[in-house]
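Scroll down for the structure; my scribbles are underneath it.
The values are calculated or read from the model by the stated rules, or taken from the named source; none is laboratory data. Source: prediction; values computed, not measured. Here Cβ is always computed from backbone atoms with ideal geometry, including for glycine, and neighbour counts include all displayed protein chains. All accessible areas refer to the heavy atoms of the entire protein, side chains included, with ligands and DNA or RNA removed. Shrake-Rupley method; radii C 1.70, N 1.55, O 1.52, S 1.80 Å.
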Amino acid sequence: MGPPGAGKGSQSAKIVEHYVMPSISTGQMFRDAYSNNEPIGIEAMKFIKNGNLVSDDITNKIVALRLSKQDAEDGFLLDGYPRTVAQAIALDKMLDEMGTKLDAVINILSSNDVLFERMEQRRVCRTCGTTYHLRFKAPSVEGVCDKCGGELYQREDDSHESVMNRLMIYETKTKPLLDYYDKKGILFNVNGMQSFDKVYEDVELVLGEF
Ligand SMILES: [Zn+2]
């Protein structure tokens with residue numbers, strides 16, 4: 001967890017590479033579904049492009065489908081979900097039915113200034129979803145993905161207005177989730193205002209416990 005731009009996507013990419021488990025990113029699933037012209041993607045993009053949260057119903061549905069796939073049986077990482085208390089409750093129910101539970105919720109802390117800077121400089125690969133930062137994690141060749149040669153673009157929801165809206169929504173709808181998980185005793189805070197590698201070291205200190 002963490003506000004938009006805190007580095008959830010980059011950190012989760014590294015976590016799943018190290019621990020070999022699927023990363024379940026609702027944002028990425030919606031963007032993929034949209035690229036493939038699937039109805040659920042088109043519906044979701046109406047919310048996303050304005051910086052709004054996709055409705056709980058649609059989001060829970062895409063997660064339930066993903067969790068039912070075989071590769072999620074031995075563990076998984078959720079990135080960008082749940083984002084509301086209603087989604088967290090729905091997730092607990094799904095996990096109950098699967099006979100499993102969340103081990104840890106990692107919260108990446110960051111300030112609004114840092115977040116704005118990050119999101120405006122962020123570029124994403126259209127093909128493989130790898131994220132870059134024009135200053136801190138720039139691609140070797142401008143506009144081209146180092147990993148797959150795909151085209152880099154700025155996400156529609158990374159525009160200034162959209163970012164402001166996302167931060168406001170984070171404060172009102174997502175922040176209450178921190179309490180929800182803190183009460184369960186599974187919330188771990190990590191300082192996100194450090195280099196990517198240092199943040200990851202701190203994440204590993206938490207995950208190493210499990
Ligand atoms: Zn790529």
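Observations, loosely collected:
- Ranked by solvent-accessible area (1.4 Å probe, protein heavy atoms only, all chains present), the residues H133, H18 order from largest to smallest as H18, H133.
- All C-alpha to C-alpha distances of the stretch 102-210, sorted into 10 Å bins beginning at zero, yield P(r) values of 13, 33, 37, 16, 1 percent in whole numbers.
- Modelled spin labels at D96 and R126, positioned 7 Å past Cα toward Cβ, are 4.5 nm from each other.
- Computed P(r) (all Cα pairs; the stretch 40-161; 10 Å bins; percent): 11, 32, 36, 20, 1
- Computed E for E204/E117 - FRET, C-beta separation, R0 35 angstrom, nearest 0.05: 0.90
- Accessible area per residue for the chain, computed on protein heavy atoms with a 1.4 Å probe, is 55 Å².
- Beta bridges per DSSP, both residues in the chain: antiparallel share near 45 percent.
- Interchain or long-range residues, amide H under 5 Å from L53's placed H: none
- For the stretch 80-116, the residues whose amide N sits under 15 Å from a probe point set 7 Å from the Cα of T172 along the beta carbon direction are 84-85.
- The accessible surface of the chain, taken with every protein chain in place and a 1.4 Å probe, is 51 percent carbon and sulfur.
- With all protein chains modelled, accessible area of F188 [1.4 Å, Å²]: 60 Å²
- Range in the chain, longest, excluding exposed GluC sites (Glu not before Pro) [loop by DSSP; at most 14 other beta-carbon atoms within 10 Å]: 1-72
- Available extension along the chain between M164 and N36 is 43.2 nm, counting 0.36 nm per residue and deducting the alpha carbon span.
- Local electrostatic count at A33 - Lys and Arg +1, Asp and Glu -1, tallied over other residues with Cβ under 12 Å: 0
- Within the same chain, aspartates and glutamates fewer than 8 places from K46 are excluded, and of the rest, those with a Cα less than 20 Å from its Cα are D32, E38, D56, D57, E156, D157, D158, E161.
- 18 Å cut-off, amide nitrogen to a point 7 angstrom out along N191 Cα→Cβ, residues in the stretch 114-149: 114-115
- Estimated vicinal HN-Hα couplings, Hz - the stretch 114-124 in sequence order (Karplus 6.51, -1.76, 1.60; Gly, Pro = x): 4, 5, 4, 4, 4, 6, 6, 9, 7, 10, 10
- Using the Cα coordinates of the chain, the gyration tensor eigenvalues translate into equivalent-ellipsoid semi-axes of 24, 20, 18 Å, sorted from longest to shortest.
- For the stretch 95-173, the relative contact order works out to 25 percent when only alpha carbon pairs closer than 8 Å and six or more residues apart are counted.
- In sequence order, calculated HN-Hα J values of the stretch 88-100 (Karplus, 6.51, -1.76, 1.60; Hz; x Gly/Pro): 5, 5, 4, 5, 4, 5, 4, 5, 3, 5, 7, x, 9
- N107 long-range amide H proximity, modeled H, under 5 Å: F188, N189, V190
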